[in-house]
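The values are calculated or read from the model by the stated rules, or taken from the named source; none is laboratory data. Model, not experiment: these values are computed from the prediction. With ideal geometry, Cβ positions are generated from the backbone for all residues, glycine too; neighbour counts draw on all protein chains shown. Ligands, DNA and RNA are excluded from the accessible area calculation, which covers all protein heavy atoms including side chains. Shrake-Rupley method; radii C 1.70, N 1.55, O 1.52, S 1.80 Å.
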Amino acid sequence: MAFKTIKIRMIVCCFLLFVLTACSNEGQANVGKASFEHDGNTIRIGILLSTTGSTAVVERSMLNAAYLAFDEINKAGGIDGKRIEYIQEDYCSDPTIAAAKIQDLIVNENVVATVGCCTSASRKATLPVLKKYNSLLVYPTFTEGEETDPNVIYTGAMPNQQAVEYIPWLMKKCGKKVFLIGNDYVFPVICNKQAKRIIEMNNGTVLGEKYVSIGYSDFTDILETIKKVRPDFIYCDLVGDSVISFYKEYKRLGLDPEKCPIAAIATDEMSVQGMGADCAEGHYASMNYFSTLDTPASQEFVKKYEEHSQDGSVITSSAEATYDSCYLLAKAIEKVQNPYDTNSLIKAFSGLEFDAPQGKIKVDETNHCTWLYSRFAIAHNGKFQIVYQSKNAIKPEPWPTILYPDGSHN
């Protein structure tokens, strides 16, 4: 009987220990990171960017830009004398892995915030995790909009900063018959929904609309269809490796950019490097920043990037936005007493300004998005020549007025 009593007591004690541990972990998750212990001499920041997978070709320069920014900040004395310790996770261009990796950064690496994600699919996958642990993501990639999340600061372009003036400009220059192509996920689908509305408003015609999986590479049939319907330009929001495959096949099939150029909103300098100058020649892109921007700030940024990375990668708009994101985050941390107080950290971004390589930018006071410039360019000799740029930074509209004129989006 004594042995049985001891055994029962041991089982009860183990059960109670399990319950107490579980309750402790649950409470930890509810209060967020503010209760965690951390080194008072360092500030831990996560970098969530892919070095493998279909979008690694784009994210490589973003990662280099993050390293550059944080290394510069540390060299200048850190944040209030505290050194930034950055922890990079590769989410392999996979949204499901992105969610797991950001949880690891928050729970196990104890970061105050994370800079990163490339595709909207990866960003959206992290939102439940950010909410659960009340953590912050600074997202540097251009986006489809139609989202404002309390745990995200958006430093990439909104649609009104990238497409609203771009499409009418293309229709005036090239013609009003358009073919739409993109990858089959939220960014291209919503961007093309907005594009169709802009085309309609400008008396244009959509001759076709096609979506393919991320990483898709066999575009022969689609391009043969495009040859038959004869659009004036192709509005392209393909991403990652699909961009390179599409342009290469376009060139192989003998399509002519003088008659039907590709007009992209996600094709950048890294994509051009991957496909080759001859495949990019004569095609258009819309971005907030091109590395050919002829200003002292831009030229200095390019020089610093090349000296720091030394891996043959080239600067993109998303790389510039990543660089800006790191500095904006550092400025926000300087404004708060406790960087692990996520609510205070998020509030510190409101109205925050930075003299970025693209020009002075500002985080909007009302919607977590950023005032940015608009620029269009044509590819020539492997580089983008800027053919249009806005005079000032443009107020972001996460819910574009072309679709939501009264501001209602419920």
What do you reckon, is Phe290 at pLDDT 95 or above, assigned to a helix (DSSP H, G or I) and within 21 Å of Tyr166 (Cβ to Cβ)? no
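Residues checked against (1) surrounded by fewer than 20 Cβ atoms within 10 Å (Cβ to Cβ); (2) touching a residue at least 12 places away in the same chain (Cβ under 8 Å); (3) within 22 Å of Ala76 (Cβ to Cβ):
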| site | (1), (2), (3) |
| --- | --- |
| Gln337 | yes, no, yes |
| Leu345 | no, yes, yes |
| Gly351 | yes, yes, no |
| Ile386 | yes, yes, no |
| Tyr404 | yes, no, no |
Tally time: how many residues in the stretch 315-359 are part of a loop (DSSP other than H, G, I, E, B) and out of contact with any Leu (no Cβ under 9 Å at 6 or more places or on another chain)? 7
Given the structure, is Pro150 in a loop (DSSP other than H, G, I, E, B) and at pLDDT 95 or above? yes
If you go through the stretch 212-256, how many residues are of a type outside the set (Phe, Trp, Tyr), under 29 Å from Pro140 (Cβ atoms) and surrounded by 19 or more Cβ atoms within 10 Å (Cβ to Cβ)? 13
Which residues, taken from the stretch 94-133, are at pLDDT 95 or above, polar (S, T, N, Q) and crowded, with 22+ Cβ neighbours inside 10 Å? Thr114, Ser122, Thr126
What do you reckon, is Lys304 touching a helix residue (DSSP H, G or I) at 6+ places or on another chain (Cβ under 7 Å), open to solvent by 50 Å² or more (accessible area, probe 1.4 Å), of a type in the set (Lys, Arg) and outside any loop (DSSP other than H, G, I, E, B)? yes
Of the residues in the stretch 233-280, those that are part of a helix (DSSP H, G or I), closer than 15 Å to Ile181 by Cβ and aliphatic (A, V, I, L, M) come to Val243, Ile244
Residue pairs meeting the criteria (Cβ under 9 Å; at least 6 apart or on separate chains; first under 25 Å from Met158 (Cα atoms), in the stretch 287-306; second loosely packed, with under 14 Cβ neighbours inside 10 Å): Phe290/Gln385; Thr292/Gln385; Ala297/Asp355
When the stretch 179-206 is checked residue by residue, the ones that are within 18 Å of Pro261 (Cβ to Cβ), touching a residue at least 60 places away in the same chain (Cβ under 8 Å) and outside any helix (DSSP H, G or I) are Ile181
